[in-house]
Every structure is written in structure tokens, then in C-alpha cells.
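Bear in mind that the values in this text are calculations on the coordinates, not laboratory data. Everything numeric in this text was worked out from a predicted model, so none of it was measured. Counting neighbours? That spans all protein chains shown, and the Cβs are built from the backbone with ideal geometry, glycine included.
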Amino acid sequence: MPDPLLVLDKLRKWFRVSGGPLSHSSGHVRAVDGVDMTVGSGETVALVGESGCGKSTLGRTIVRLLEPTSGSVWFDGEDMASLKGDSLQRKRKDIQFIFQDPFASLDPRMTIGDVIGEPLDIHRICPGRAARAARVSELMRTVGLNPDYASRYAHEFSGGQRQRIGIARAIALNPKLIVCDEPVSALDVSIQAQIINLLKHLQKKFEMAYIFISHDLNVVRHISDRVCVMYLGRFVETASKRDLFDSPRHPYTKALLSAIPITDPRIRREKIVLKGDLPSPANPPSGCHFHTRCPVSSDICRRETPKTINVGDGHLFACHRV
């Protein structure tokens, strides 16, 4: 595995919730609940799981768009969770974010040139208008956009072009890590392939690492090196892409993989249908959070939180019954 660039140690992000106007009680939504993760230089680690499992919250907490409740985020030798002010801003130059919605993440009042050039202004990378304009033009060409469009606005572009603009903004400062929060889920399938290929090309060219958040396992299979499967704020399985897709251990991982569409009608595969809905992270089940939907759960699953088991080669999972 590459040298660690990012190390999460028991990271938590809880949101306080009120019991309502007639109640004095309050509780917490445990969106991220004690996560350990490592990302190596130049590596792509995918986060997968159902909507509401905490993937996006984890990504936003890593880059400090959300303040962590506890735990540490060690990035390139410093704890991001403890940085403030100028120290945090300097570190943020090396860790950037690509948002899911390519339109909502772009200021409609700014030209595309200003959107892409804003990080350069904040970090004072290109002094002078000529140097800034040259850098913006270079970034637009790098992501496949015509530099002559720099004076246009976001509403004048298609969804795929808007996401290219977001990518250009993210790579403007030559970051070491980019958190990609479902960057292709709002795009047509043909455009998805173009954006994924662009991300892979940029990663190879600039030697960046990615945290790739997605619910599309076909996309994950194409882009990732390792995969972390998340359920109710916790990782239930982490493995290399090959081990996870060929030899899944956790029942939840098996259920997710069984839902991948098969295009070949000659192939038959049993589909695992999970019972019930995802429980509320404000009131998660006791023991193993997955036991209320697990097809192989037993009494111990309801009583005790499973320990993480390492079966070798970084393949980790947390399950009593496997």
C-alpha cells in the first residue's frame, strides 16, 4: 500500500437533535460513528453504502466543511481536526472537494473564469491579471473546456460541462487529495464515463489521491483501488477492489453486490433483498447495527457490537457470523 496521506482515527460526527417543542429531551444523530480509515498517496478509496449511511458527512468532515465531534483527521502529517485560522487555510490548499450537484456548487453570479480562479485569489497563487488568466485558461484546457468560454456563466453549460468546471476548480491548487462526493450521479451514463475517465487521467497526471463517494458499484469497480462499505455511520467491511468484489465477507456487502445489474441474460445470480428500511442514526439498533435487516443474524448480534476481523491483505470486516 502507498505511504499514508490521510489517516482517520475514531472519527465521529454527531448532530444534536431536539425532542420537539413539547419535550425537554434531546439526542444525537450519529452520522459518523468512530471511523478508522487510511488513504495512501495516489490511491483511490471508494466509500459505498445506502443513502443516509453517512458517506457524504464523512467526506465533508474530512475537509472540515463540518466540524468533527471527536477523533482525528491526520492529513500529510498534521491533524486537520485541530487546525484553525491561517493554519487550516494553508492545509486546505492540499485537500479539495468536488460536489455532487454540478450546478448548485457554482455561483450563478460569477463567470466561469472567476469560479475557477477564486482558489487562486484566496491563496494568492497567481499575482497579476495576466498570470491568473493564463492559469485559468490552462485549467480549462486540462479538463476539456474551451478557454474562450471563461466569460460565460454556469447556466450556459450542460451538466457534464459544469462538472468539468467543478473539477477545474478543485485541481487549481494542485491538491494532494480530492474528496469526490458522487460526482457523476447527476449525469447521463455516457457523460459519466467521460468524467470518470477524466478523473483517472488527472490522477495519473498530477499523482493525486481520491476519496470517491458513490452508490454505483459499477463506477466504483472501474475507478477504485480499495473500497470501504459503510452502514449507519460505521465501516462494516474494507478491502481491495478485487477482494471485495470477488470475496465479500459481510452480509451487507453481499446484499449490495447482489443488486448490481447484470447485462448478460445468460448469467443468473441470486438477489439478496434486505428486509425493512435503514434504521434512524438518531436511534441505531443495539449490538450490530445491521442485525435488524441481516438474513443471518442471531442473539449475539443484538447484544454485542462485533469486533473488526483482519483476514489478511487489509481485508477487514465486522461480523459475528462470518
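Given +1 on the Cβ of Lys and Arg, -1 on the Cβ of Asp and Glu, and no further charges, what dipole in debye does the stretch 200-322 carry about its Cα centre, rounded to the nearest 20? Present the calculation step by step, with values, prior to reporting the outcome.
Details: 20 positive and 12 negative charges, 40 e Å.
So the dipole magnitude of the stretch 200-322 works out to roughly 200 debye.
For the chain, build the charge dipole from Cβ charges (+1 Lys, Arg; -1 Asp, Glu) around the Cα centre, then report which of M110, V63, C228 sits farthest towards its positive end.
The listed residue farthest towards the positive side: C228.
Treat each spin label as a single point 7 Å out from the Cα along the C-beta direction, and report the R152 to H28 distance in nm.
So the two model labels end up 4.8 nm from each other.
Could you calculate the contour length gain from Q194 to D86, that is, 0.36 nm times the residue separation minus the distance between their Cα atoms, to one decimal place in nm?
Values: separation 108, 0.36 × 108 = 38.88 nm, distance 3.67 nm.
My answer for the length gained is 35.2 nm.
Considering amide H positions built from the backbone, and no H for Pro or chain starts, which residues 5 or more places from G34, or on another chain, come under 5 Å of its amide H?
Distant-sequence amide H within range of G34: L11, R12, K13.
Using modelled backbone amide H atoms (1.01 Å from N, in-plane), which distant-in-sequence or interchain residues come within less than 5 Å of V17's amide H?
Those qualifying (amide H under 5 Å, at least 5 residues apart or on another chain) are G27, H28, V29.
To two decimal places, what compactness ratio does the stretch 192-260 give when its Cα radius of gyration is scaled by 2.2 N^0.38 Å?
Working: Rg = 12.9 Å, N = 69, 2.2 N^0.38 = 11.0 Å.
Dividing the Cα radius of gyration by 2.2 N^0.38 Å gives 1.17.
Putting +1 on Lys and Arg Cβ atoms and -1 on Asp and Glu Cβ atoms, find which of W14, G77, Q89 reaches farthest to the positive end of the dipole of the chain.
Farthest towards the positive pole: W14.
Ranked highest first by the average count of other Cβ atoms within 10 Å around their residues, in what order do 114-124, 162-172 fall?
Packing proxy ranking, top to bottom: 162-172, 114-124.
Note the per residue figure in Å³ for the convex hull of the C-alpha positions in the stretch 108-169.
Measuring per residue, one finds 74 Å³ for the Cα hull of the stretch 108-169.
Which residue, chosen from P281, S158, P295, occupies the Cα position most advanced towards the positive end of the dipole of the chain, where the dipole is computed from +1 (Lys, Arg) and -1 (Asp, Glu) charges on Cβ about the Cα centre?
Positive-end residue among those listed: P295.
Reachable aspartates and glutamates from K241, Cα under 17 Å, same-chain residues fewer than 8 places away excluded?
Here the aspartates and glutamates satisfying the reach criterion relative to K241 are E43, D216, D225, D313.
Only counting other Cβ atoms within 10 Å, I'd like C319, C228 sorted with the fewest neighbours first. Let's see the in-between values first.
Values: C319 22, C228 25.
Ascending number of Cβ neighbours within 10 Å: C319, C228.
Nothing charged except the Cβ atoms of Lys and Arg (+1) and of Asp and Glu (-1): what's the magnitude of the dipole of the chain about its Cα centre? Round to the nearest 20 debye. Walk me through the numbers on the way to the answer.
On the way: 44 positive and 35 negative charges, 47 e Å.
Computed charge dipole of the chain: roughly 220 debye.
Listed highest first by mean packing, meaning other Cβ atoms within 10 Å per residue, what order do 71-82, 46-57 come in? Don't skip to the answer; put the middle values down first.
Details: 71-82: 17.1, 46-57: 21.4.
The packing order, highest mean first, is 46-57, 71-82.
Might you report the magnitude of the Cβ-based charge dipole of the stretch 108-169 about its Cα centre, with Lys and Arg at +1 and Asp and Glu at -1, to the nearest 20 debye? Walk me through the numbers before you get to the answer.
Numbers: 10 positive and 6 negative charges, 15 e Å.
For the stretch 108-169, the charge dipole is close to 80 debye.
How much net charge surrounds S137 when only the other residues with a Cβ under 15 Å from the Cβ of S137 are counted, with Lys and Arg +1 and Asp and Glu -1? Before the final figure, lay out each step's value.
On the way: positive: R129, R132, R135, R141, R152, R164, R169; negative: D114, E138, D148.
Local charge sum for S137: +4.
Pairs to check: K205/K254; K10/K254; K10/K91; K55/K91; K55/K176. Give those whose C-alpha atoms are more than 27 Å from each other in this structure. Show your work: numbers first, answer last.
Numbers: K205/K254 35 Å; K10/K254 25 Å; K10/K91 21 Å; K55/K91 22 Å; K55/K176 20 Å.
K205/K254, as the Cα separations exceed 27 Å there.
For F157, F15, what ranking results if the residue with the fewest other Cβ atoms within 10 Å of its Cβ goes first?
On the way: F157 19, F15 15.
Final ranking by Cβ density, sparse to dense: F15, F157.
Provide V322, V179 in ascending order of the number of other Cβ atoms located within 10 Å of each residue's Cβ, fewest first.
Numbers: V322 15, V179 28.
By the 10 Å Cβ count, ascending: V322, V179.
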